[in-house]
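Enquirer: Take a look at the following structure, please.
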Amino acid sequence: ASTLGAQAAQSGRYFGTAVAAGRLGDSTYSTLLNREFNSVTPENEMKWDTTEPSRGSFNFGPGDQIANRAQSRGQRLRGHTLVWHSQLPGWVSSIRDANTLRGVMNNHITSVMNHYKGKVFAWDVVNEAFADGGSGQHRASVFQNLLGDGFIEQAFRTARSADPAAKLCYNDYSIENWSDAKTQGVYRMVRDFKARGVPIDCVGFQAHFGTGGPPASFQTTLSNFAALGVDVQITELDIAQASPTAYANTVRACLNVARCNGITVWGIRDSDSWRASENPLLFDRSGNKKPAYNAALTAM
Ligand code: XIL
């Protein structure tokens, strides 16, 4: 096939991109979006600071713009993200009472998932809850600090009741290298959830890589998680300087694992990237295919 999405579809997978609502009016951007991708993730529009900027008052406008456009073009939609310590409004981070925060978190999950029911096929229910470095434990956050380790389980249980048809994912970065303590911490959590019947369906590997691309163990990591009984997805791929080999290695790692069912790059052109100075994406600033594009396409 001649596009990323169509090529991924040949093995039953999707190839997606992060989308920013504010760029949809740019015709170079929207042409590439329509042509190349069969899945989209709102880059910021479904985050808490946008969807519930003040308590109980929801703003779905920007998210709807992306969701409705994706639906009308037959693209899948990943929901990103319900519970995260970042891009969290101050009214949440300043809550000091556990019962209040539990109610607020559950209401947020339920309200946002209800709104997008039938449109979002997979949700990043909890994003980046684990600490960097050697602890293998959760990071500090208002959720962790007030609700304790159980906040992740609580969020997934609430999410399952809100939309039983949606796939529920845990999403994080720097969990691609199998031997890292952070990877092991997430692995133990997923194993424990599966053993105790806590609803979890997928793990998202952000895959924000440096120039060398994925660690040599990346495919091992994907298959070890998949063996727990979850799907795995590459959710925010970008690679500093976009080496074709590094992109091909990343795509191959996914294609070699049956339960790796999709890849999402974190933007279309280098100029759209949150790491724009590193030119980490598949299209240049003018919207031309870079060598990494052909490497990714032919690796599928
Ligand atoms: C980034 C966006 O790309 C930026 O536009 C925003 O300013 C900050 O967030 N991990 C995530 C994504 O899960 O939501 C982040 O996206 C990148 C890191």
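The values are calculated or read from the model by the stated rules, or taken from the named source; none is laboratory data. Computed from a predicted structure; not experimentally measured. With ideal geometry, Cβ positions are generated from the backbone for all residues, glycine too; neighbour counts draw on all protein chains shown. Ligands, DNA and RNA are excluded from the accessible area calculation, which covers all protein heavy atoms including side chains. Shrake-Rupley method; radii C 1.70, N 1.55, O 1.52, S 1.80 Å.
Enquirer: How much accessible area per residue does the chain have, counting only protein heavy atoms and a probe of 1.4 Å, in square angstrom?
Expert: That works out to 36 Å² per residue.
Enquirer: If you average over every viewing direction, what projected area does the convex hull of the Cα atoms of the range 113-251 give, in nm²?
Expert: Mean projected area of the Cα convex hull: 8.8 nm².
Enquirer: Given springs between every Cα pair under 10 Å in a Gaussian network model of the chain, which of GLN184, GLN71, GLN206 has the largest fluctuation?
Expert: So, out of GLN184, GLN71, GLN206, the one fluctuating most is GLN71.
Enquirer: May I pose another question? Longer than 30 Å from Cα to Cα, which of LYS117/LYS289; LYS47/LYS194; LYS194/LYS289; LYS167/LYS289 are they? Say none if no pair is.
Expert: LYS117/LYS289; LYS194/LYS289; LYS167/LYS289
Enquirer: Sum -39500 (n - 2.57) across every DSSP H segment of at least 4 residues in the chain, then divide by the residue count to get the 222 nm mean residue ellipticity, nearest 500.
Expert: The per-residue figure over the chain is -11500 deg cm²/dmol.
Enquirer: Then there is this: With unit charges on the beta carbons (Lys and Arg positive, Asp and Glu negative) and the dipole taken about the Cα centre of the chain, which residue among CYS260, GLY61, ILE239 sits farthest to the positive side?
Expert: CYS260
Enquirer: Using a Debye calculation, one point per C-alpha and no hydration shell, please list log10 I(q)/I(0) for the range 52-199 at q = 0.11, 0.12, 0.15, 0.20 Å⁻¹ in order.
Expert: -0.44, -0.52, -0.81, -1.32
Enquirer: In whole Hz, what ³J(HN,Hα) sequence does the range 273-278 give by Karplus (6.51, -1.76, 1.60; θ = phi - 60°), x for Gly and Pro?
Expert: The phi angles translate into 7, 5, 10, 3, 5, 9 Hz.
Enquirer: Let me know the shape class of the range 161-226, please: from the alpha-carbon gyration tensor, a ≥ b ≥ c as square roots of the eigenvalues, rounded when a/c is under 1.5, otherwise prolate if a/b is greater than b/c, or oblate.
Expert: prolate
Enquirer: Mind pulling the angle between the C-alpha long axis of helix 98-115 and the longest principal axis of the chain? Nearest 10 degrees, somewhere in 0 to 90.
Expert: Tilt of helix 98-115: around 40 degrees.
Enquirer: Continuing with the same structure: Multiplying the sequence separation of LEU24 and TRP91 by 0.36 nm and subtracting their Cα-Cα distance, what value in nm do you get?
Expert: 21.1 nm
Enquirer: Okay, moving on. Counting DSSP beta bridges with both partners in the range 49-179, what percentage is antiparallel, nearest 5?
Expert: Roughly 20 percent of the DSSP beta bridges within the range 49-179 come out antiparallel.
Enquirer: Let me check against my output: what whole-number percent is the relative contact order of the range 193-264, with C-alpha pairs under 8 Å and at least 6 apart?
Expert: 38 percent
Enquirer: With an 8 Å cut-off on Cα pairs and a minimum separation of 6 or more residues, tell me the relative contact order of the chain in percent.
Expert: After rounding, I find 16 percent.
Enquirer: Over the Cα atoms of the chain, what radius of gyration and what Dmax do you get, in Å?
Expert: That works out to 18.2, 54 Å for Rg and Dmax.
Enquirer: Further question on the same structure: Per the 1.4 Å probe, what fraction of the accessible area of the chain, in percent, lies on carbon and sulfur atoms?
Expert: Result for the chain: 45 percent of the exposed heavy-atom area is carbon or sulfur.
Enquirer: Using only the alpha-carbon atoms, how far is helix 27-36 inclined from the longest principal axis of the chain? Give it as 0 to 90 degrees, nearest 10.
Expert: So the inclination is approximately 90 degrees.
Enquirer: State, as an integer percentage, the relative contact order of the range 1-135 based on alpha-carbon contacts under 8 Å between residues 6 or more apart.
Expert: 23 percent
Enquirer: Return the percentage of antiparallel bridges among DSSP beta bridges fully within the chain, rounded to the nearest 5 %.
Expert: Bridges in the chain that DSSP calls antiparallel: roughly 10 percent.
Enquirer: Which chymotrypsin sites (Phe, Trp or Tyr not before Pro) in the range 208-300 pass both tests, a DSSP loop state and at most 15 other beta-carbon atoms within 10 Å?
Expert: Counting only loop positions with at most 15 other Cβ atoms within 10 Å, the chymotrypsin sites (Phe, Trp or Tyr not before Pro) in the range 208-300 are TRP274.
Enquirer: What trypsin sites (Lys or Arg not before Pro) in the range 49-107 are in a loop by DSSP, with at most 14 other Cβ atoms within 10 Å of the Cβ?
Expert: Sparse-neighbourhood loop trypsin sites (Lys or Arg not before Pro): ARG55, ARG73, ARG96.
Enquirer: Here is a follow-up. Given points 7 Å out from each Cα along the Cα-Cβ axis, report the SER57 to GLN10 separation in nanometres with one decimal.
Expert: 5.2 nm
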